[in-house]
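Since the structure comes first, as structure tokens, the remarks are kept for the end.
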Amino acid sequence: MLGMRHKTRSFYVRDLGFGGDHPIVVQSMTNTDTHDLAATLAQIRALDQAGAQLVRLAVPDKAAIPFLEKLLDQSPVPLVADIHFDYRLALAAIACGVDGVRINPGNIGGLDRFRQVIKACLEKDTPMRIGVNSGSVEKKLLEKYGGPTPEAMVESLCQHVRVCEEAGYGKLVLSVKASSVPEMVRANRLAAQELDYPLHLGVTEAGGVRMGTIKSAVGIGALLVDGIGDTLRVSLSGDPLNELPVAYDILKASGRLKQGVNIIACPTCGRTQIDLVPLLEAVEERTRHIQRPLNIAVMGCAVNGPGEAREADIGIAGGKGMGLIFRKGEIVARASEDQLLASFDQHLQQLLMEDSES
Ligand code: SF4
């Protein structure tokens, strides 16, 4: 059963709502050189087109700040500056009006510097994401827990949050990341028990498209089903554009995104009577643009297909040289194999029209 969404505090980044009852925000990160304005802007725009609602970018040095400023002027989505080690870069990014900063308080150079970043965020009302990972847990906690366990990571996170709260700052997004999926899941469950700030979900160093997708689906998906998570990034090595379809499919599969098409396809078996894969691809292609929630089934045989996919709003089931179109398990048309997609289109249009009339 789908868990109730874990209650978190909410705020806006530009006009993008975070936490609370706001939809889960899908984000990504550029992999271009931030000093290359044209390439970075092109990638931000492409990520926006692909569905990224927020984009993070590395600010590796002082020379990147003027580029960040220009990107902020032109970016269609909020930009978050990713800062490591040098708190002055965080201060400079905040001063130039960045939409958010992401720091790891464990590697920013001590409490005093962390407090300076918090003060700057307070002054400019800038949101901050605090990240903790297995490499950033303080020595004392490593000794206490015998290593960077989920408990150690969450205690480290709680300590950082306390520093923010003592300064009267609360526009926080939190992340606890691990490359081990079970540890990442456990750490986030613990964090959700302890804290009520929006949680950012992700598996670090998840890997290439195949393994990264699997790890992200398992880790992020498990938490989403529990009701944990307010924003997510699927990290895949290589082109970040690959991340977005995976992120949305994880949201759909975990029941957290009701919009758009959900395709149900049978795995095929000895009863399959139609060339299912090209048919499935054709259905995916022609229904990708649909925004409303719609379950579509593509099944390999007429014997079990309509019954197995009874919950589908509309579906196709293959027969010998022909096929069936069905709606909610009821057969509404039969067509020869070469007319099957045309018939499907016709019934799909009818369904969408009925819907817009009701
Ligand atoms: S729908 Fe038919 S072809 Fe597909 S798995 Fe079920 S029995 Fe096999």
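Using the Karplus curve 6.51 cos²θ - 1.76 cosθ + 1.60 with θ = phi - 60°, what ³J(HN,Hα) values do you get for each residue of the stretch 203-215, in whole Hz, with x for Gly and Pro?
Per-residue couplings from phi come out as 9, 6, 6, 5, x, x, 4, 5, 6, x, 5, 5, 4 Hz.
Taking 41 Å as R0, compute the FRET efficiency from the Cβ-Cβ separation of Leu352 and Lys119 and round it to 0.05.
0.15
Percent antiparallel among DSSP beta bridges with both residues in the stretch 10-253, to the nearest 5?
Numbers: 4 of 28 bridges.
For the stretch 10-253, the DSSP antiparallel bridge percentage is about 15.
So, with a 1.4 angstrom probe, what is the percent of accessible area on the chain that is carbon and sulfur? List each step's numbers first, then the result.
Numbers: 8490 of 16310 Å².
Its accessible area is 52 percent carbon and sulfur atoms.
Report the gain in length on full extension from Asp196 to Arg288: 0.36 nm times residue separation, minus Cα-Cα distance, nm rounded to one decimal. Mind dumping the intermediate values first?
On the way: separation 92, 0.36 × 92 = 33.12 nm, distance 3.56 nm.
Gain on stretching Asp196 to Arg288: 29.6 nm.
Can you work out the FRET efficiency for the pair Asn31 and Cys158, with r the C-beta to C-beta distance and R0 = 51 Å, to the nearest 0.05?
Working: r = 32 Å, r/R0 = 0.62.
After rounding, the FRET efficiency stands at 0.95.
For the stretch 261-357, what's the relative contact order in percent, using C-alpha pairs closer than 8 Å and at least 6 residues apart?
On the way: 174 pairs, mean separation 21.1, N = 97.
Averaging sequence separation for qualifying contacts and normalising by length gives 22 percent for the stretch 261-357.
Enumerate the calculated ³J(HN,Hα) couplings along the stretch 81-93 in order (Karplus 6.51 cos²θ - 1.76 cosθ + 1.60, θ = phi - 60°), each rounded to whole Hz, writing x wherever the residue is Gly or Pro.
Result, ordered by residue: 7, 9, 10, 10, 6, 9, 4, 5, 5, 5, 4, 5, 5 Hz.
Scan around Leu54 for amide H atoms under 5 Å from its own, H built in the peptide plane at 1.01 Å from N, and keep only partners 5 or more places away or cross-chain.
Distant-sequence amide H within range of Leu54: Ser28.
Can you give me the C-alpha center-to-center distance between the stretch 3-60 and the stretch 114-162, rounded to a whole angstrom?
So the two Cα centres are separated by 22 Å.
Glu166 label point, 7 Å along Cα→Cβ, cut-off 11 Å on backbone N: hits in the stretch 97-122?
Of the residues in the stretch 97-122, 111-112, 115 have backbone N under 11 Å from the label point off Glu166.
Please work out whether the stretch 140-211 counts as rounded, prolate or oblate from its C-alpha gyration tensor, where a ≥ b ≥ c are the square roots of the eigenvalues and a/c under 1.5 means rounded, while otherwise a/b larger than b/c means prolate and anything else oblate?
Numbers: a/c = 2.39, a/b = 1.39, b/c = 1.72.
In terms of gyration-tensor shape, oblate.
Please compute the length gained on full extension between Arg310 and Val225, using 0.36 nm multiplied by the number of residues separating them and subtracting their Cα-Cα distance. Can you show the working numbers first?
On the way: separation 85, 0.36 × 85 = 30.60 nm, distance 2.35 nm.
Roughly 28.3 nm would be gained on extension.
Send over a whole-number figure in Å² for the accessible area per residue of the stretch 196-306, probe 1.4 Å.
Working: 4750 Å² over 111 residues.
Here the residues of the stretch 196-306 average 43 Å² of exposed surface.
Extending each Cα 7 Å along its Cβ direction at Gln74 and Asp338, get the distance between those two points in nm, one decimal.
5.1 nm
Amide H neighbours of Leu199 under 5 Å, at least 5 residues apart or on other chains, H built in the peptide plane: list them.
Leu174, Gly229, Asp230, Thr231
Pairs of Cα atoms under 8 Å, at least six residues apart: use those to get the relative contact order of the chain, whole percent. Don't skip to the end; give the middle numbers.
Details: 715 pairs, mean separation 43.9, N = 358.
Relative contact order for the chain comes out at 12 percent.
Under 5 Å between amide H atoms, partner at least 5 residues away or on a different chain: which partners does Asn262 have, H built in plane at 1.01 Å?
Leu294, Asn295, Ile296
Just to verify a number: FRET efficiency for Asp21 and Gln259, C-beta to C-beta distance, R0 = 22 Å, to 0.05? It would help to have the intermediate numbers written out before the result.
Working: r = 16 Å, r/R0 = 0.72.
Step by step, r from the Cβ atoms, then E = 0.90.
Which residues among the stretch 11-38 fall inside the zone where the amide N is under 19 Å from a point 7 Å beyond the Cα of Gln49, along Cα→Cβ?
27-33, 37-38
Taking a ≥ b ≥ c as the square roots of the Cα gyration tensor eigenvalues, with a/c under 1.5 meaning rounded and otherwise prolate when a/b beats b/c, else oblate, which class fits the chain? Intermediate results must be reported in sequence, preceding the final value.
Numbers: a/c = 2.56, a/b = 2.02, b/c = 1.27.
Cα axes put the chain in the prolate bin.
For the stretch 1-86, what relative contact order do you get, as a whole percent, if you take Cα pairs closer than 8 Å and at least 6 residues apart?
Details: 113 pairs, mean separation 21.8, N = 86.
Once divided by the residue count of the stretch 1-86, the mean separation gives 25 percent.
The values are calculated or read from the model by the stated rules, or taken from the named source; none is laboratory data. Keep in mind that this is a model prediction, so the values were computed, not measured. Positions of Cβ are backbone-derived with ideal geometry, glycine not excepted, and every protein chain shown enters the neighbour counts. In case anyone asks, the SASA skips ligands and DNA or RNA and just uses the protein heavy atoms, side chains included. Shrake-Rupley method; radii C 1.70, N 1.55, O 1.52, S 1.80 Å.
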